[in-house]
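A short write-up of the structure that comes next.
Nothing in this text is a laboratory measurement; each read-out follows from the coordinates by a stated rule. Remember, it's a predicted structure, so these values are computed and weren't measured experimentally. Reconstructed Cβ throughout: ideal geometry from the backbone, glycine too, with neighbour counts over all protein chains shown.
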Amino acid sequence: MKIIDISIPITPTMPIWPGDELVELTQTSAIAKGDAANISRIAMGVHTGTHIDAPKHFIESGITVDQISLDKLVGKALVLNIDHQVNVISEEILKAHPDIHFLTKEKKVLFKTRNSALWKQHLNEFYQNYVALDTSGANFLQQFQLDLIGIDYLSISTYEDTELPHQILLSAGIILLEGLELSDVDCGFYQLYCLPLKLSGCEGAPARVILVEIQK
């Protein structure tokens, strides 16, 4: 049984969404300095690195992280490859995908794009030209009644069209999983385990996410 960690390491130099707080990771107690234990402190935004968006993120009446059913976060998931020539995941691109029919039965999908190569480059700066859904793609996916949609950069939506795709998907109760690292993942079906921090009343949370290969 192969277990694949698709989470991004959290570091003070990692890319963050423009305008978000930088990651602060500091050691407040050190054995090397004579203290009894090593203790660290972290400060960062809840949409840092690998994280989920709860409906509350863009829908004022939407549920928060602690109200999400674990059934939406754990279960069979399809990793769907998007050709490296694709810049925007539109309705047209999705309709033409040879595996899109699987979404009539499956509830969770992760989009693997050329974004994943960015994490291998260990870039510290935010990259605006990442691949993501536009409004037409979000509208198309909404019809499938999915539990969760994931992608391999910091937003499910393009940098130029951030708000509306989020609203469309979150208003449908779809949990958004952003900031995945899928470069070492083959396309196909896996068991997904997405465990965000249980932050009470919050619209998003960092998550540790793994895929487990399904035995054939």
GLU60 paired with VAL86, simple spin-label distance in nm, labels 7 Å along Cα-to-beta-carbon:
3.5 nm
Computed ³J(HN,Hα) along region 7-20: with the Karplus parameters 6.51/-1.76/1.60, θ = phi - 60°, integer Hz and x for glycine or proline, the list is 8, 8, x, 8, 9, x, 9, 6, x, 10, 5, x, x, 6
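Provide the FRET efficiency to the nearest 0.05 for the LEU22-LEU164 pair, computing r from the beta carbons and using R0 = 25 Å.
With R0 = 25 Å, the Cβ-Cβ based efficiency is 0.35.
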Please state, to two decimals, what the Cα-based radius of gyration of region 102-216 comes to when divided by 2.2 N^0.38 Å (N = residues).
1.06
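Based on alpha-carbon atoms only, what is the radius of gyration of the chain relative to the globular estimate 2.2 N^0.38 Å? Write out the running numbers ahead of the final one.
Working: Rg = 17.5 Å, N = 216, 2.2 N^0.38 = 17.0 Å.
For the chain, the normalised Cα radius of gyration comes out at 1.03.
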Mind grabbing the base-10 log of I(q)/I(0) for region 1-113 at q = 0.18 Å⁻¹? Debye formula, identical points on the C-alpha positions, no solvent, two decimal places.
-1.24
